[in-house]
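I'd like to ask you about the structure that follows.
What follows is calculated from the coordinates using simple rules that are stated; it is not laboratory data. Keep in mind the model is a prediction, meaning the values are calculated, not measured. Cβ: placed from backbone, ideal geometry, glycine included. Neighbour counts: every protein chain shown.
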Amino acid sequence: MPMIDLSSRRTLLRHALIGASAVAALLAGATASSQPRNHATLAMVAEPQTLDPMASTADLVGTIMQHVYETLYTFDAKWNVVPMLAESLPKVSADGKTYSITLRKGVMLHSGRELTPDDVVASLQRWMEQSPRGKAVAKELDSIKPKGALGVEIVLKAPYAPLVSQLALPSGMAAIMAKESIATPLASYVGTGPYKFKERKPDQFVLLTRFDKYSARKEPASGYGGKREAAIEELRFVPVPNANTRVEGALAGQYDFADLLPVEALSRLEKSGGKSVPILTPSFGFPYLVLNTKEGVVANQALRQAIQIAIGEGEMLAAGFGDTRFFVAEGNHFPKGSPYYSTAGTDQYNQRNANKAKAAAEKAGYKGEAVRILTSRQYDFHYNMALLMAEQMKRAGFKVEMNVVDWATLVQRRNDSKLWDIYVTHSGIFPEPMLSPPQLGDGAPGWWSTPAKQAALAAFNQEPDPAKRGALWGKVQQVVYDEVPYINVGKFNGLSAKSPALENYQAATWPFFWNARIK
Amino acid sequence: MRKFLLSKALGMLAVLAIVAVIVFVLTRAASGDPISVLLGDQATAEDIARVQKVYGLDKPLPVQFAYWLREVLHGNLGDSIFLQRPVTQALRERAEPTTLLALMAVAIAAAIGIPCGIVSAVFRGRWIDQLFTGVAMLGASIPSFWLGLVLIQIFAVSFGWFPVSGYGAPDAALAERVHALVLPAAVLGLLNSALIIRFTRASMLDVLGEDYVRTARSKGLAESTVVLKHALRNALVPIVTVVGLTVALMIGGAVVTETVFGLPGVGNLVVSAVLRRDYPVIQGALLVVAAIYVLINFSIDLLYAVVDPRVKVG
Amino acid sequence: MKMPPMLRQLLHRRIVLVAAVVLLIIAVLAIGAPWFASFDPNDTAVLQRLKGPSSEHLMGTDELGRDMYARIVHGARYSLAIAALTALGSVIAGTLLGLVAGFFRRLDAPLMRVVDAMMSFPDILLAIALVAILGPSLVNVVLALVLVYTPRVARVVRASTLVVRELLFVEAVRALGVRTSRILWRHILPNLMSPILVQVSFIFAYAILAEAGLSFLGVGVPPEIPTWGTMVAGGQQYAHQAFWVVLFPGLAIIFTALSLQMLGDGVRDLLDPKLKKAL
Amino acid sequence: MEADPSTNPRIEPRLAVQRLSTSFPTEGGLVHAVADVSFSIAPGKTTALVGESGSGKSVTSLTLMRLLAKTANARVSGVARFATREGRSVDLLKIDEQALRALRGNQLSMIFQEPMTSLNPVLTVGEQIAEGVRLHKGLGRSAALADAKRMLDLVEIPAADRRVHEYPHQLSGGMRQRVMIAIAMACDPTLLIADEPTTALDVTIQAQILALMRKLQAETGMSILFITHNLGVVAHHADDVVVMYAGRVVESAPVRPLFAAPAHPYTQGLLACLPGRARLAGRAGQPRPARLFAIRGQVASPLAPPPGCAFEPRCDLAIAACRDAMPELLATGAAREARCIRVAAALPEAA
């Protein structure tokens, strides 16, 4: 064999690489600009369906538009409701039915005029007509009207404790907009936020630019509440639907922020040598399985219970999120420390008992009908969990049929009770139980509606005292475990990443970029 | 000549008409519902019915087709349900990256494919021919997303020479756009060069076997003159045809590459429209992409008639 | 046993021989998958997820702890079946269309205009649209791909038919008053076998690639069915920490497609030069 | 035609081919397309190479020009001595590519059978003539073009000024062959190889072309290797005749003695079917006219040649001994040779 001179080869390689880098530098030179940039590129999970924050409950729409529109109330870092456009928390009458709200003075709209109670009333009326959560609130509402120069009065039919939280949530937002801009669909986005809408090119970007006349609150910033300041001149929300691309882009320093990364990427982000900073949000959300109580094989409650016995939520979470660093397998729907923390019914959680489940199914009259699981691959963990659940159910003698569709189809099909028995989805963990999942309300897929549910929820919703509501939630949770309308699989942590250049960013369920800076 | 043009033009119109019918039937046969996606998880049946009416989705199919065709002939491809803007506008916005990508990719493909094809043909049966033919076949066997992922890993992630994804910043200059297109164009170019190598080789082999090449040799011309002047010029017409059609096919055919590299092009638009059940966009894009193909094909026919002295016309 | 001369000539070429052997191995592995893999391809073992290749798991495990090797050999069944059915379907439909168009002058123009129209859509775009409409399932992916490749075959078969029908013997049998269907079936079709065979092998290769592409875009075979395409698509996000989840299915795709194309190329080289032009 | 070259040994032949063999490897084995062929052409003279298709005459000419396709992997042996203008003698089969290219198109040029396909369709006629002139005479572009016009005049193409800018498809078949001749003659070659130059043309055009070639030969004194299957043409245009069958020379002789008394049974056959049939043979569009009806059977497969005389299966005079071995070329008279044992056997009695 001929001897190969390794050293000369290496020199050759080095020359080649130097040459190549020179070319690359030349190419890159085209992009370098001498000015310090004052914009942030933010990689989002998808193209927003719409920029109308009332038309969609999608988190993405809320995430972007919360910079443009504001709400009367919002949440601080501890998930307490705090005022935003309202001057302070509302004055509630003794019977719990009348809410008096006073607006802050001198709040400027993007159109250059001051915000008035008429804007607020028109906006909330639109919200109650169009937004799913707004419609739920509308059922409780008696009247809403302006009162004086800065006042708004809401009168309810009966006490409804979640009202202020409903008004505060950034998803399906009760956004306050300029009255004259209200139209369906929205043609212009006139709000009060620290950023105003600049340009949208679908599948390319949504540009928001600093609103110079923004009137900020005086309180120090906390969570979504307090002082907001648009330190970055332009926010560029870029849709990057491929999770892997978001990871690679974050690692390559292409994005200042990359939303919702697969948790598996954490170690890579940690090892990126400072190119990217991982942001882990504990108890970010919960996956849940909705069971069809209206039609099909699992309309039988006893069979739903048998399925609950069959599955092992812990193993499912492991399949969905890999490492125990990224999930918590516990039956309590709200984490320890939350006022709604309760262990009621949690003995039903994570049993994974095939034999017991088989016996229970037999007793329930199960005759080997196929259980149809509807899931999508849009969210990888949905699919992985569904796959594992199917295996667990097969072990307990169930016949399982996987129905894997794209997310758009799933969202559509789940509205038809004939098409599925179980579907997989997830939600953020919110401070107010009524905000999610929608199965706690009326008419959501699954169509859970039993006397036990109505009784437990009526008691919970009509109790205005937060301390007492905590205990009442335990009763609701117990009913959920008894009747199995949905199964809360556990809690998972969210992972996102930011560039080292993005400073003063505060992690949040709906990431926001006021107060953040670009170095 | 006029008769030739007329028959070609009629044929083209027939094809376009069939394309229109196919496109309409395809998209209206779809099962998904765009309205639920648009309205989100908690929309009611009435909401859905109301919006369906707005977009004319409640009428019988032939009526929808007639309505649609009339509008199409007026240059109106309808409004995107999801993007809430005219389809023509959406397509125009996506045209630039796709066109640029197609041109760059074809330039790369031709720059690799034509010389390699010529060399392969001239040295037919030798090791270099086998090497190029083998490489060409390998190129035609690699899934584009696979090559894309590999190139991203090497040149974007490890070396950081190119962006991982996207089409540059919103206010980017052309140079930055081109820079962002280098990797995707390389993927498409490399894979498509396989076709061009193969085609150039075949075309050159045909020509090299022609009598006039022997005549050229009999004049004592150098082999390079024989190949480049006498053979290549004759082989070039079909090669250019293939190159032209490759451009046409890449407009909308670079779906996977555009997706891998997150390019806001026409292919990407169609994929997302399919996932969003955005019928007007699917219809419009399929129609426009196919029409471009048909038109490029037609212009190549015309060009043939004009350029090639041998085409007998009339 | 006597080999047909064409086959003997084919196997004379080293490259074709290698390709044939590779394909044979893949086919044997696919058919005998249950005997060659000691694991069930769908058996999940979360604690064993993303383990590298070892003596227990030859090609490692995927994100649910499933044995990659078992999935690849089982996946071969699906991938090859999809591709084979696609090739078969489009060749049958395309041959019929092409024969009719090439033989009956009156039908030629209308049929070919439809073929032209179908071919003015880029392959993958048409396939996506079709799968989206039919719904993502194994059968529908095959159907969509058959629709995409049928015009291609039709065009080749038509061109070859035009060549063959001009050959003297067709005139001769026609003069003898043989029925048209018999001429097509007994006299023309056998002469088209070689170009058809070439098409089969190329479409087989294209179908494997197209299936992978569709699955990658999320509009192909349902992801729980282990085809090579769905495996690469599913493993994509784990590729960096566990390269084997995309490497092995990717190699399977490349090797198979490459071998098929080499085979097709080999057959084409042996073709009658007149028919070759038609390809 | 006045002086028989063989009677004037002092004149060195323009081309002397000795024991030329060309064979091709095929899947079925080695095919000997040309075997052991020897002949020579004197300056200013025309030698005709006659035979039916597959007799090896075209391969012989392509071998001499070294224009056989590379991919055919031809195996060539033998010697082809060519006397250059400068008085050197070179072996066309051995000299390097560059030296060969300097001769090709310059001192040694060729006209092909198919004027329709032998011209490059995308280059003007003028360019195709001029490029050889530029290369070999070192002329500039315009001078070469002027030369091209002169050549078109020379080959009697009317309106040369216009034609020089035209493309081949604008010309008729006869005109194209004239252009081919112009290309071949552009650098005043000393040897012209004409491979069935008139086969593809109408009979009237044939005569014109042949007349033109004769005129040019008379003016320039070049030698011509004239390859044809048409013995009728040979009688008027050649000085010497070499008859080939199945790759081998079966008879060679000066033209008049050959026509007067053909020695080989094959030559006799050819001559026997000459009148009437010869016309048919030249018709355009019939590359393989059935003109040897008088000779029964067909040429033997080159892959499985008969063990003895190649013509034996078709020969009316064949005897058992013909099957034993390939006969040698034997002298049958002044400058005459034939490859037939029956002729040889008859010789002593005749002498």
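Could you list B:SER165, D:SER142 so that the one with the fewest beta carbons within 10 Å of its beta carbon is first and the one with the most is last? Walk me through the numbers before you get to the answer.
Details: B:SER165 26, D:SER142 9.
Ordered by Cβ neighbours within 10 Å, fewest first: D:SER142, B:SER165.
In chain A, which helices (entire DSSP H runs) extend 30 Å or more along their own long axis, judged by Cα positions, while averaging at least 0.5 on the Kyte-Doolittle scale? Before the final figure, lay out each step's value.
Details: long enough: A:6-29 (33 Å, 0.90).
Span-like helices, by this rule, are A:6-29.
Kindly write out, for the stretch A:200-210 in residue order, the coupling ³J(HN,Hα) from the Karplus curve 6.51 cos²θ - 1.76 cosθ + 1.60 (θ = phi - 60°), rounded to whole Hz, with x marking Gly and Pro.
Listing the rounded values in order: 10, 10, x, 6, 10, 6, 10, 9, 10, 10, 4 Hz.
Which of the DSSP-defined H helices in chain C satisfy a minimum axial length of 18 Å, computed from C-alpha atoms, and a minimum mean Kyte-Doolittle hydropathy of 0.0?
Details: long enough: C:14-31 (25 Å, 3.16); C:68-103 (50 Å, 1.34); C:105-119 (21 Å, 0.21); C:138-165 (38 Å, 1.42); C:189-217 (40 Å, 1.53); C:244-269 (37 Å, 1.21).
Going by DSSP H runs, the hits are C:14-31, C:68-103, C:105-119, C:138-165, C:189-217, C:244-269.
For A:GLU401, D:GLU196, what's the fewest-to-most ordering of other Cβ within 10 Å of each Cβ?
Values: A:GLU401 13, D:GLU196 23.
Least to most surrounded, the residues fall as A:GLU401, D:GLU196.
Given N residues in the stretch B:173-314, what is Rg(Cα) / (2.2 N^0.38 Å)? Spell out each step's value before the answer.
On the way: Rg = 20.0 Å, N = 142, 2.2 N^0.38 = 14.5 Å.
Relative to the rule-of-thumb radius for its length, the stretch B:173-314 sits at 1.38.
From the residues C:ALA84, C:PRO122, C:GLY98, which one has its Cα farthest along the dipole of the stretch C:54-135 in the positive direction, the dipole being from +1 and -1 charges on Cβ of Lys/Arg and Asp/Glu about the Cα centre?
C:GLY98
If the only charges are +1 at each Lys and Arg Cβ and -1 at each Asp and Glu Cβ, what is the size of the charge dipole of chain A around the Cα centre, to the nearest 20 debye? Provide the component values of the computation, followed by the final result.
Details: 58 positive and 49 negative charges, 94 e Å.
I would put it at about 460 debye.
Using R₀ = 51 Å, calculate the FRET efficiency as 1/(1 + (r/R₀)^6) where r is the Cβ-Cβ separation of A:ASN80 and A:GLU199; round to 0.05. Before the final figure, lay out each step's value.
Values: r = 36 Å, r/R0 = 0.70.
Efficiency, rounded to the nearest 0.05: 0.90.
Hey, what did the stretch A:45-113 get for relative contact order, percent, Cα under 8 Å, at least 6 apart? Don't jump to the answer; show the numbers that get you there.
Details: 67 pairs, mean separation 11.8, N = 69.
After rounding, I find 17 percent.
In whole angstrom, note down how far apart the Cα centers of the stretch C:58-134 and the stretch B:104-126 are.
Cα centres, the stretch C:58-134 to the stretch B:104-126: 29 Å.
Using the structure shown, select from A:LYS97/A:LYS135; A:LYS367/A:LYS418; B:LYS3/B:LYS219; A:LYS139/B:LYS59; A:LYS157/A:LYS468; A:LYS394/C:LYS51 the pairs with a Cα to Cα distance greater than 29 angstrom.
Values: A:LYS97/A:LYS135 18 Å; A:LYS367/A:LYS418 19 Å; B:LYS3/B:LYS219 41 Å; A:LYS139/B:LYS59 33 Å; A:LYS157/A:LYS468 21 Å; A:LYS394/C:LYS51 25 Å.
From A:LYS97/A:LYS135; A:LYS367/A:LYS418; B:LYS3/B:LYS219; A:LYS139/B:LYS59; A:LYS157/A:LYS468; A:LYS394/C:LYS51, over 29 Å: B:LYS3/B:LYS219; A:LYS139/B:LYS59.
Give the residue list of GluC sites (Glu not before Pro) in the stretch A:174-241 that are DSSP loop and have at most 16 other beta-carbon atoms within 10 angstrom.
Values: sites: A:GLU180, A:GLU199, A:GLU229, A:GLU233, A:GLU234; in loops: A:GLU229, A:GLU233.
Filter output for the stretch A:174-241: A:GLU229, A:GLU233.
Same structure again: Which one, C:ALA19, C:ALA239, C:ALA172, has the greatest fluctuation when you compute a Gaussian network model over chain C with C-alpha springs under 10 angstrom?
In this elastic network of chain C, the residue with the biggest mean-square fluctuation among C:ALA19, C:ALA239, C:ALA172 is C:ALA172.
Go through the stretch D:79-87 residue by residue and turn each phi into a ³J(HN,Hα) via Karplus (6.51, -1.76, 1.60, θ = phi - 60°); whole Hz please, and just put x for glycine and proline.
Coupling constants for the stretch D:79-87: 9, 10, 7, 10, 8, 7, 4, 7, x Hz.
To continue, here is another question. Residues of A:388-401, mean number of Cβ from any other protein chain within 10 Å of their own Cβ, rounded to a whole number? All intermediate terms of the calculation are to be shown ahead of the outcome.
Details: counts 4, 0, 3, 6, 1, 0, 1, 0, 0, 0, 0, 0, 0, 0.
Per residue, the number of nearby Cβ atoms from other chains is 1 on average.
I need the phi-derived Karplus couplings for the stretch D:105-118: 6.51 cos²θ - 1.76 cosθ + 1.60, θ = phi - 60°, integer Hz, Gly and Pro marked x.
x, 10, 9, 9, 9, 9, 10, 9, 5, 9, x, 5, 10, 8
Let me check against my output: what whole-number percent is the relative contact order of chain B, with C-alpha pairs under 8 Å and at least 6 apart?
Working: 357 pairs, mean separation 85.9, N = 314.
27 percent.
If you don't mind, there's one more thing I want to ask. How would the stretch C:114-167 be classified by its alpha-carbon gyration tensor: rounded, prolate or oblate, with rounded meaning a/c under 1.5 and the a/b versus b/c comparison settling the rest?
It is prolate, given that a/c is not under 1.5 and a/b is the larger ratio.
Something else: Please give me, ordered by residue number, the chymotrypsin sites (Phe, Trp or Tyr not before Pro) of the stretch C:59-107 that lie in loop per DSSP and have at most 14 other Cβ atoms within 10 Å.
Working: sites: C:TYR69, C:TYR78, C:PHE103, C:PHE104; in loops: C:PHE104.
Passing both the DSSP loop test and the Cβ count: C:PHE104.
Amide H neighbours of A:TYR288 under 5 Å, counting only residues 5+ apart in sequence or on other chains, H built in-plane at 1.01 Å?
Placed amide hydrogens put A:THR425, A:HIS426, A:SER427, A:VAL489 under 5 Å from A:TYR288.
Follow-up question, since we're still on this one. Roughly how tilted is helix D:125-137, in degrees to the nearest 10 and between 0 and 90, from the longest Cα axis of chain D?
The angle comes out at about 80 degrees.
While we're on this one: How crowded by other chains is B:256-263, given as the mean number of beta carbons from other chains within 10 Å of each beta carbon? Kindly include the intermediate steps, with their values, before the conclusion.
On the way: counts 9, 2, 0, 7, 6, 2, 11, 2.
Per residue, the number of nearby Cβ atoms from other chains is 5 on average.
How would chain B be classified by its alpha-carbon gyration tensor: rounded, prolate or oblate, with rounded meaning a/c under 1.5 and the a/b versus b/c comparison settling the rest?
Working: a/c = 2.95, a/b = 1.59, b/c = 1.86.
Because a/c hits 1.5 or more and a/b fails to exceed b/c, chain B counts as oblate.
Now, a different point. Answer rounded, prolate or oblate for chain A, using the Cα gyration tensor with square roots of eigenvalues a ≥ b ≥ c: rounded when a/c is under 1.5, else prolate when a/b is larger than b/c, else oblate.
Oblate, because a/c is 1.5 or more while a/b does not exceed b/c.
Moving on to the next point. For the protein assembly as shown, give the share of DSSP beta bridges that are antiparallel, in percent and rounded to the nearest 5; count only bridges with both residues there.
70
Contact order normalised by length for chain A, with contacts defined as Cα pairs under 8 Å and 6 or more residues apart; what percent is it?
The normalised contact order for chain A reaches 19 percent.
Give the long-range amide H neighbours of A:LYS198: residues separated by 5 or more places, or on another chain, with amide H under 5 Å away, using H modelled in the peptide plane at 1.01 Å from N.
A:LEU207, A:LEU208, A:THR209
Another question about this same structure. What chymotrypsin sites (Phe, Trp or Tyr not before Pro) in the stretch A:266-331 are in a loop by DSSP, with at most 11 other Cβ atoms within 10 Å of the Cβ?
Hits after loop and neighbour filter: nothing returned.
Follow-up. Angle check, please: helix B:232-250 long axis (alpha carbons) against the longest principal axis of chain B (alpha carbons), in degrees 0 to 90, nearest 10.
That works out to roughly 20 degrees.
Still on this structure, please answer the following. Across peptide A:49-61, what mean number of C-beta atoms from other chains lies inside 10 Å of a residue's C-beta?
Details: counts 8, 6, 1, 1, 0, 0, 4, 7, 5, 2, 0, 0, 1.
Mean inter-chain Cβ contacts per residue within 10 Å come to 3.
Could you compute the FRET efficiency for A:ALA467 and A:LYS394, with r as their C-beta to C-beta distance and R0 at 35 Å, rounded to 0.05? The partial results should precede the final answer.
Numbers: r = 45 Å, r/R0 = 1.29.
Taking R0 as 35 Å, the efficiency between A:ALA467 and A:LYS394 is 0.20.
Tell me the angle of helix D:173-185 to the major Cα principal axis of chain D, expressed in degrees between 0 and 90 and rounded to the nearest ten.
For helix D:173-185, the angle is close to 80 degrees.
Enumerate the residues in the stretch D:320-338 having an amide nitrogen under 18 Å from the point lying 7 Å beyond the Cα of D:ARG256 toward its Cβ.
D:333-337
Let me ask you something else. Just report the Cα centroid separation between the stretch A:486-504 and the stretch D:46-78, whole Å.
Taking the Cα centre of the stretch D:46-78 as reference, the centre of the stretch A:486-504 is 81 Å away.
Amide H to amide H under 5 Å from A:VAL400: which residues, 5+ apart in sequence or cross-chain, H placed 1.01 Å off N in plane?
It is A:VAL371, by chain and number.
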